[in-house]
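Engineer: Here it is, the structure in full.
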Amino acid sequence: MVLEAAGRPLRPAELPIPEPGSNEVLLRIHACAVCRTDLHIVDGEVTQPKLPLVLGHQIVATVDAAGAGVQTPRVGERVGVPWLGSTDGTCRYCRSAHENLCDRAQFTGYHRDGGFAEFMVADARFCFPLPEGYPDLQAAPLLCAGLIGFRSLRMTGDAERLGIYGFGSAAHIITQVARHQGRRVFAFTRAGDTQSQAFATELGAEWAGPSDARPPEELDAAIIFAPAGELVPAALRASAKGGVVVCGGIHMSDIPSFPYEILWGERVVRSVANLTRQDGLEFLALAPKVPVRTRVEAFALAEANEALQRVRGGSLQGSSVVTPTP
Ligand SMILES: [Zn+2]
Ligand SMILES: [Zn+2]
């Protein structure tokens with residue numbers, strides 16, 4: 001399913017099976033979960049994709065063939081492919097354990113063709129082994145919603161009272177991790193979205209309400225997954241002194257100006273960008289211990305546009321996943 005230009009629906013296309021180059025593997029794709037970032041690319045809000053492009057960066061696949069120099073993964077092994085598709089390995093960020101900020105990073109389903117397909121090639125050094133016990137469809141959302149959500153959660157430090165704004169794919173995973181770590185979760189959704197509020201409490205949130213509401217207690221930290229800039233001052237207002245507000249998405253509407261008073265008291269606003277491979281290894285080791293259970297809605301590959309729209313609507317409880325083998 002190919003994106004030819006921003007603002008257009010994906011189009012079905014017959015493409016040649018790609019050849020793995022050196023350090024690359026050819027992958028047979030089983031499932032690819034949809035991320036909010038995919039919508040930002042389709043909508044032209046994240047503006048530098050290669051075109052035409054195969055979207056998708058939460059990929060579960062089996063290695064079909066390996067190019068020169070590949071030691072692992074082996075042919076036949078099941079792997080996950082995340083958003084971070086490759087780095088230069090040499091810039092000041094890569095050399096200081098910040099490869100997520102690499103100046104020349106290539107992202108899957110953005111600079112490189114991704115997972116809304118039957119086959120793809122990936123840099124073998126950026127593929128993850130996947131925990132046993134997760135079927136393909138349920139494993140797929142771990143690869144961005146889980147990974148970036150986990151990095152966002154880590155940026156909240158040891159916050160006990162955690163607010164989560166936007167209760168979609170990432171939130172449904174990270175609520176489970178936060179509860180496992182003994183944190184208390186307060187979920188914020190669009191006003192009137194009582195279904196998502198009920199879903200949040202089912203997963204362990206002790207309070208759920210509309211995003212403009214004050215929670216029953218001050219928050220020690222908040223993660224904003226929804227791409228709405230007005231949530232930043234809302235989350236600051238809900239935060240205690242020293243609280244951290246983490247913006248977990250790649251794109252957000254403009255943040256309205258706000259009085260310094262709500263930032264005062266050593267409150268912090270920060271973003272989270274991409275992931276490191278270390279994040280991936282740590283999260284994929286932790287997920288089965290929680291255990292994280294993902295809730296997915298499956299779509300055939302030919303229905304990728306519907307799968308995207310399902311995420312846009314905001315009414316989805318859990319993750320939308322595309323599979324070429326429904
Ligand atoms: Zn993503
Ligand atoms: Zn680099």
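Engineer: Among the residues of region 90-123, which ones are within 10 Å of ligand 2 (Cβ to nearest atom) and touching a residue at least 12 places away in the same chain (Cβ under 8 Å)?
Structural biologist: The answer is C91, H98, E99, N100, L101, C102, D103, R104, A105.
Engineer: Out of all the residues in region 67-88, which are open to solvent by 30 Å² or more (accessible area, probe 1.4 Å) and in a strand (DSSP E or B)?
Structural biologist: Answer for region 67-88, where residues must be open to solvent by 30 Å² or more (accessible area, probe 1.4 Å) and in a strand (DSSP E or B): just R78.
Engineer: Check whether at least one residue in region 227-236 is under 16 Å from A145 (Cβ atoms), open to solvent by 10 Å² or more (accessible area, probe 1.4 Å) and touching a strand residue (DSSP E or B) at 6+ places or on another chain (Cβ under 8 Å), and report yes or no.
Structural biologist: Checked against the condition, which is being under 16 Å from A145 (Cβ atoms), open to solvent by 10 Å² or more (accessible area, probe 1.4 Å) and touching a strand residue (DSSP E or B) at 6+ places or on another chain (Cβ under 8 Å), region 227-236 yields no hits at all.
Engineer: May I pose another question? Quick one: how many residues across region 29-55 are touching an Asp or Glu at 6+ places or on another chain (Cβ under 7 Å) and either closer than 13 Å to E4 by Cα or within 16 Å of ligand 2 (Cβ to nearest atom) (or both)?
Structural biologist: Count: 5.
Engineer: Would it be correct to say that G76 is without any contact (Cβ under 8 Å) to a residue 24 or more places away in the chain and either within 16 Å of ligand 2 (Cβ to nearest atom) or at positive phi (or both)?
Structural biologist: Criteria met by G76.
Engineer: Which number in (1) touching a strand residue (DSSP E or B) at 6+ places or on another chain (Cβ under 9 Å); (2) of a type outside the set (D, E); (3) over 21 Å from P326 (Cβ atoms); (4) open to solvent by less than 40 Å² (accessible area, probe 1.4 Å) marks the one condition that C91 misses?
Structural biologist: Only one criterion is unmet by C91, namely (1).
Engineer: Out of F167, F199, F188, I need the residue that is surrounded by fewer than 24 Cβ atoms within 10 Å (Cβ to Cβ) and either touching a Leu at 6+ places or on another chain (Cβ under 7 Å) or over 30 Å from Q106 (Cβ atoms) (or both). Which one?
Structural biologist: That would be F199, the only listed residue that is surrounded by fewer than 24 Cβ atoms within 10 Å (Cβ to Cβ) and either touching a Leu at 6+ places or on another chain (Cβ under 7 Å) or over 30 Å from Q106 (Cβ atoms) (or both).
Engineer: With respect to D64, is the statement that it is more than 16 Å from ligand 2 (Cβ to nearest atom) and open to solvent by 50 Å² or more (accessible area, probe 1.4 Å) true?
Structural biologist: So D64 fits the description; yes.
Engineer: Can you confirm whether F116 is touching a Cys at 6+ places or on another chain (Cβ under 8 Å), at pLDDT 95 or above and surrounded by 15 or more Cβ atoms within 10 Å (Cβ to Cβ)?
Structural biologist: yes
Engineer: A further question follows. Only one of E24, E99, E4, E19 is more than 16 Å from ligand 1 (Cβ to nearest atom), farther than 21 Å from G168 by Cβ and in contact with a Ser or Thr (Cβ under 7 Å, 6 or more places away or on another chain). Can you tell me which?
Structural biologist: It is E99.
Engineer: If you go through region 13-35, how many residues are touching a Gly at 6+ places or on another chain (Cβ under 7 Å) and either in a loop (DSSP other than H, G, I, E, B) or at pLDDT below 95 (or both)?
Structural biologist: 4
The values are calculated or read from the model by the stated rules, or taken from the named source; none is laboratory data. All values derive from a computational prediction rather than experimental measurement. In this analysis, Cβ positions are derived from the backbone assuming ideal geometry, glycine residues included, and neighbour counts consider all displayed protein chains. Surface accessibility is based on the protein's heavy atoms, side chains included, excluding ligands, DNA and RNA. Shrake-Rupley method; radii C 1.70, N 1.55, O 1.52, S 1.80 Å.
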